[in-house]
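The values are calculated or read from the model by the stated rules, or taken from the named source; none is laboratory data. Bear in mind the structure is a predicted one, so any value in this text is a computation, not a measurement. In this analysis, Cβ positions are derived from the backbone assuming ideal geometry, glycine residues included, and neighbour counts consider all displayed protein chains. In case anyone asks, the SASA skips ligands and DNA or RNA and just uses the protein heavy atoms, side chains included. Shrake-Rupley method; radii C 1.70, N 1.55, O 1.52, S 1.80 Å.
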Amino acid sequence: MAKDGNYISAKESRRISRENRKITSEIEKKRKRKHIPESEYVTQMKDPDNCVEFDNVQTHYFTDIGTVKAVDGVSFSVPKGKTVGIVGESGCGKSVTSLSLMQLVQRPSGQTVGGEIRFDSGEKVINVVNAPEKVMRELRGNQMAMIFQEPMTSLNPVFRIGDQVDEEIALHFPKWTKEQVKARSIEMLGMVGIANKEGVYKMYPHELSGGMRQRVMIAMALSCDPKLIIADEPTTALDVTIQAQILDLLRELKSRIGSSIMLITHDLGVVAEMADLVVVMYAGRVVEKGTATEIFKDPRHPYTVGLMKSKPVVGKHVKQLYSIPGNVPNPVDMPNYCYFRDRCERCTEECKGAYPPMVKLTDTHYVSCYDI
Amino acid sequence: MENVVEVKDLKKYFPIKGGFFGGVTGYVKAVDGVSFSIPAGTTMGLVGESGCGKSTTGRTILRLIEKTDGSILFKGEDVSAMDKKKLRELRTKMQIIFQDPYSSLSPRLPVGEIIGEAVREHGLVSKEEYQDYITQIMKDCGLQSYHKDRYPHEFSGGQRQRICIARALALNPDFVVCDEPVSALDVSIQAQIINLLWKLQEDRKLTYLFISHDLSVVEHISDSLGVMYLGNMVETGKTNDIFAEPLHPYTKALFSAIPMPDPEIKRERIILEGDIPSPANPPEGCKFHTRCKYCMACCKEKAPEMKDMGNGHCVCCHLYDR
């Protein structure tokens with residue numbers, strides 16, 4: 001190892017990239033077969049009440065400086081009709097988890113190499129990890145829809161709003177006539193609370209404010225009545241007042257179409273308001289999961305406790321804000337002990353051993369720590 | 001206590017050019033008559049939605065953009081009347097920390113040079129002391145001396161913000177404008193930076209103008225508070241007073257929209273309808289009347305005036321006319 005932990009020689013880098021190519025091309029070849037038998041990707045749900053079950057999912061990025069385990073053995077489930085909040089700092093793998101579910105991870109360098117993601121599509125239960133592209137195309141948009149983080153960059157600036165919403169509806173309902181599609185688009189725009197829906201239908205994205213664009217994104221996501229909505233930081237780029245509007249809208253729509261929401265955010269306040277279940281992630285792993293009340297009233301993992309303490313809360317005065325010491329570890333070649341050990345205040349002798357297993361506290365509350 | 005900064009009736013209009021000959025067709029009234037003063041050693045928070053003119057206010061005070069009207073006094077001297085030489089001297093006394101630590105640092109300069117360039121340029125310390133001075137500043141801001149030769153891309157977001165803070169403080173200023181310094185950072189890093197700003201204020205007796213849209217952060221760091229809406233100040237006063245009893249309907253709505261990290265609190269939320277109107281064509285009368293649920297007949301005609309409700313708590317609303 002040279003003076004800097006990140007440094008590797010050109011020769012070493014070439015060797016790694018050669019190895020990576022070998023691994024990724026093998027996976028790609030397997031994925032690109034013409035006929036993939038149904039038995040490979042149709043499975044059974046463990047619990048029929050769940051909409052999605054993540055079971056030990058591993059999504060790795062094969063980069064030239066080594067393998068980045070962006071998601072490393074994540075397990076949790078999203079029950080039908082519930083909202084699950086996924087919290088964590090940037091780079092903890094929360095977005096990659098949702099991308100794995102949509103099979104939108106940047107290939108070939110990013111690959112879901114292990115585990116199962118079971119998605120209940122109504123007729124069949126599909127293991128997304130092994131599903132071929134054709135099946136995925138039917139799921140995406142129809143069954144699960146995603147609301148992206150930045151409404152500014154996710155809309156195409158050269159097409160009218162109407163055309164963009166139409167496109168999705170026309171793709172999923174190929175038999176509909178143009179008039180039907182347009183009527184549906186305008187109906188969707190009205191549903192997300194846009195007053196001037198006919199006007200907006202003809203506008204370009206730059207003519208709309210941030211909140212309006214996010215509404216359009218939501219309208220697009222909901223246009224096919226999906227079973228699962230993945231909201232990836234839906235309000236991060238918005239003002240508090242607009243954020244409140246959007247959150248209210250999401251809550252209302254959820255109860256109206258009865259879908260589940262996977263809410264990815266780093267704002268604990270948003271999670272507390274929206275989520276029924278909370279999953280806390282750190283460095284690619286789930287460190288704690290439970291119901292919102294359990295997590296906020298009785299956090300057990302030192303990282304969760306630290307996160308709660310470091311957020312300033314209105315009406316609660318402290319002399320100094322708590323801050324978690326240190327930084328997130330380097331994602332290349334993670335250690336085999338608890339990833340949080342070096343920043344943890346409650347570190348004990350036991351922590352020097354292997355990564356702590358998930359401990360069950362109640363039926364819903366799990367934590368991955370030795371000191372509980 | 002002596003006021004470090006006094007702003008009276010500050011206005012900043014940006015011209016809109018249009019038409020065939022590119023003539024001025026209208027004005028964006030980014031800041032439209034804002035007055036406040038900040039006592040030495042205290043922090044004033046400035047909150048509001050995006051586009052309400054809080055950043056423009058901060059920049060106009062520093063004369064990074066020229067004002068249209070009004071007066072800005074820095075320690076009793078009129079900033080806008082200063083000539084080039086005087087202004088250059090003033091630059092060391094007033095500094096700014098920008099929002100985005102990713103784009104506000106030159107990627108081609110090593111960190112030591114980023115922090116030290118202005119120090120050398122203004123000749124604040126002698127050549128012999130220069131290196132030690134930079135090292136000391138970096139240490140105060142939580143950076144190591146071996147970081148001096150590294151480039152900004154080698155640092156994480158939190159550390160970059162520390163570099164920005166070190167750059168501002170290297171000139172030993174009295175007054176620092178913090179323009180959303182923690183908005184781009186993660187929660188745990190946010191806490192580190194806020195603590196650092198606190199510590200530096202105590203050590204150096206700094207005066208901050210803290211611009212942010214995150215109300216929970218503002219509540220923690222500021223002594224006094226100004227709430228802006230569409231270029232106007234709608235409510236000012238001590239932070240504790242405003243948070244204990246917000247008077248203006250906009251402030252009330254803003255506070256009720258803060259998400260609380262407690263799943264058991266169920267509050268009545270005031271949802272504001274629609275978006276903030278365009279500052280190029282603001283509504284007549286009270287600018288907030290289009291979204292206000294207490295809107296009366298007089299709100300649509302006459303703009304309200306600032307009224308003192310006691311203890312320096314001022315509000316700009318017809319509801320409190322007596």
Using only Cα atoms, figure out Rg for the protein assembly as shown and give it as a multiple of 2.2 N^0.38 Å. 1.03
With every protein chain left in place, what is the accessible area per residue of chain B in square angstrom, probe 1.4 Å? 45
By accessible area of protein heavy atoms, probe 1.4 Å, what ranking do A:CYS51, A:CYS347 get, highest first? A:CYS347, A:CYS51
Assign unit charges at the C-beta atoms only (+1 for Lys and Arg, -1 for Asp and Glu), then state the dipole size of the stretch B:1-126 relative to its Cα centre in Debye, rounded to the nearest 20. 280
Counting only GluC sites (Glu not before Pro) that sit in a DSSP loop (anything but H, G, I, E, B) with at most 11 other Cβ atoms within 10 Å, what is the longest stretch of chain A containing none of them? A:124-344
Per DSSP, loop GluC sites (Glu not before Pro) in the stretch B:1-58 with at most 12 further Cβ within 10 Å: B:GLU2
Per residue value of the accessible surface for the stretch A:1-92 (all protein chains in place, 1.4 Å probe), Å²: 61
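How many Cβ atoms of partner chains, on average, are near each residue of A:241-251 if near means within 10 Å of its Cβ? Write down the numbers at each step before the final one.
Numbers: counts 17, 7, 3, 10, 7, 0, 4, 3, 1, 0, 0.
Taking all residues of A:241-251 together, the mean is 5.
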Would you please name the chymotrypsin sites (Phe, Trp or Tyr not before Pro) within the stretch A:59-166 that are DSSP coil residues with at most 16 other C-beta atoms within 10 Å of their C-beta? A:PHE159
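Roughly speaking, to the nearest percent, how much of the stretch B:160-302's 1.4 Å accessible area is carbon and sulfur?
Numbers: 2410 of 4940 Å².
Its accessible area is 49 percent carbon and sulfur atoms.
Per residue of A:293-300, how many C-beta atoms from partner chains lie within 10 Å of its own C-beta, taken as a mean?
2
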Residue (of A:THR43, A:SER121, A:THR97) at the positive-pole extreme of the stretch A:42-123, dipole from beta-carbon charges: A:THR97
Taking all protein chains as present, what is the carbon and sulfur share of the accessible area of the stretch A:65-147, in % to the nearest whole number, probe 1.4 Å? 47
Using the beta-carbon distance between B:ASP83 and A:LYS29 and R0 = 56 Å, what value does 1/(1 + (r/R0)^6) give for FRET efficiency, to the nearest 0.05? 0.15
With every protein chain in place, the residues of the stretch B:263-307 shedding 20 Å² or more of accessible area versus the chain by itself (probe 1.4 Å) are B:PRO263, B:GLU264, B:ARG269, B:ILE271, B:LEU272, B:ASP275
Value of [θ]222 nm, deg cm²/dmol, for chain B, DSSP H segments ≥ 4, -39500 (n - 2.57) each, nearest 500: -8500 deg cm²/dmol
Expressed as a whole number, the average count of other chain Cβ atoms within 10 Å around the Cβ atoms of B:213-220 is 5
Please report the carbon-and-sulfur percent of the accessible area for the stretch A:174-317; probe 1.4 Å, protein heavy atoms only, DNA, RNA and ligands left out. 51
So what's the net charge close to B:VAL7: Lys and Arg +1, Asp and Glu -1, counting the other residues with Cβ under 14 Å from its Cβ? +2
Only Lys, Arg (+1) and Asp, Glu (-1) charged, at Cβ; chain B dipole about Cα centre in debye: 640
Which of rounded, prolate, oblate describes the stretch B:145-275, given a ≥ b ≥ c as roots of the alpha-carbon gyration tensor eigenvalues and a/c under 1.5 marking rounded, otherwise prolate only if a/b is larger than b/c? prolate
How are the Cα pair distances of chain B distributed, in percent, across 20 Å bins from 0? 30, 55, 15, 0
Farthest positive-ward along the protein assembly as shown dipole, Cα basis, beta-carbon charges - from B:PRO101, A:MET308, B:SER80: B:PRO101
In debye, nearest 20: dipole of the protein assembly as shown around its Cα centre with unit charges on the Cβ of K, R (+) and D, E (-)? 1380
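Checking an interface number: how much accessible area is buried between B and A, summed over both chains, with a 1.4 Å probe, in Å² rounded to 100?
Values: alone 16350 and 19180 Å², together 31930 Å².
When B and A are taken together, about 3600 Å² of accessible area is lost.
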Would you be so kind as to identify which of B:GLN201, B:SER183, B:LEU215 lies farthest towards the positive end of the dipole of the stretch B:171-215, taking Lys and Arg as +1 and Asp and Glu as -1 on Cβ and the Cα centre as origin? B:GLN201
Per DSSP, loop trypsin sites (Lys or Arg not before Pro) in the stretch A:1-75 with at most 15 further Cβ within 10 Å: A:LYS3, A:LYS32, A:ARG33, A:LYS34, A:LYS46
Leaving ligands, DNA and RNA out of it, rank A:ARG300, B:ARG291 by accessible area with a 1.4 Å probe, largest first. A:ARG300, B:ARG291
Under a 1.4 Å probe, what is the accessible area of the stretch A:264-372 per residue, stated in Å²? 44
